[in-house]
Amino acid sequence: MNSFFVYGPLPIRIIAGLTFIAHGLPKFFDVSGGYGFFESVNLPPELFVPIGLLEVVGGLAILLGILTRIASALLIIEMIGAIVMVKLSKGFIGGYEFELLLISICISLVILGPGKISIENYILKREIFPRGKQLYQNDSKADIK
């Protein structure tokens with residue numbers, strides 16, 4: 001039964017990756033409007049393009065299962081920034097509930113990693129940053145002794 005759970009991150013990765021890509025790509029079609037929006041919420045407009053790139057590249061990384069933990073951690077930071085800087089004043093419903101859901105998904109991916117069906121596991125035959133898994137395995141071995 002435990003071997004079945006290694007496939008759990010796959011649907012989470014697919015939906016999260018597609019969601020971030022879908023929110024990042026439109027930023028490149030209206031850059032001047034994005035700069036204006038960032039200025040209206042008192043953010044430096046120079047952050048607009050890097051944030052769009054983070055969403056697209058990070059979404060692709062999550063979708064494909066490569067550097068999943070790092071991409072998820074960076075997107076968590078971005079979503080926290082979006083909540084604090086823009087959405088918090090709007091309240092939970094109609095405000096920051098979507099970003100909070102994306103944060104919880106990314107936290108799950110940071111903890112679980114990319115799962116069995118991923119570029120890291122199929123092509124590279126290992127996770128690029130497996131430290132979390134190693135820590136968990138070391139803690140489990142210590143509990144057994």
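The values are calculated or read from the model by the stated rules, or taken from the named source; none is laboratory data. None of these values were measured; they are calculated from a predicted model. A quick note on method: Cβ atoms are made from the backbone with ideal geometry, for glycine too, and the neighbour counts reach across all protein chains shown. All accessible areas refer to the heavy atoms of the entire protein, side chains included, with ligands and DNA or RNA removed. Shrake-Rupley method; radii C 1.70, N 1.55, O 1.52, S 1.80 Å.
Expressed as a whole percent, the accessible area of the range 18-68 that falls on carbon and sulfur atoms is 74 (1.4 Å probe).
The length gained by stretching the chain between S108 and F28 to full extension, at 0.36 nm per residue less their Cα-Cα distance, is 25.9 nm.
The P(r) of the range 7-85 has a tail past 15 Å containing 56 percent of all C-alpha pairs. Semi-axes of the equivalent ellipsoid of the range 38-126 are 28, 15, 8 Å, computed as sqrt(5λ) over the eigenvalues of the C-alpha gyration tensor in descending order.
Length gained on full extension, L88 to A73: 3.4 nm, using 0.36 nm per residue less the C-alpha separation.
Computed from the Cα positions only, the extents of the range 4-48 along the three principal axes stand at 48, 20, 13 Å, in decreasing order. Each part reduced to its alpha carbon centroid, the range 35-107 and the range 1-34 end up 12 Å apart.
Based on the reciprocal of the average 1/r between different C-alpha atoms, the Kirkwood radius for the range 45-97 equals 11.9 Å. Relative to the current alpha-carbon distance between S3 and L53, full extension at 0.36 nm per residue lengthens the span by 14.5 nm.
Legend: calculated FRET efficiency, L10 to E39, from the Cβ-Cβ distance at R0 = 30 Å, rounded to 0.05, equals 0.15.
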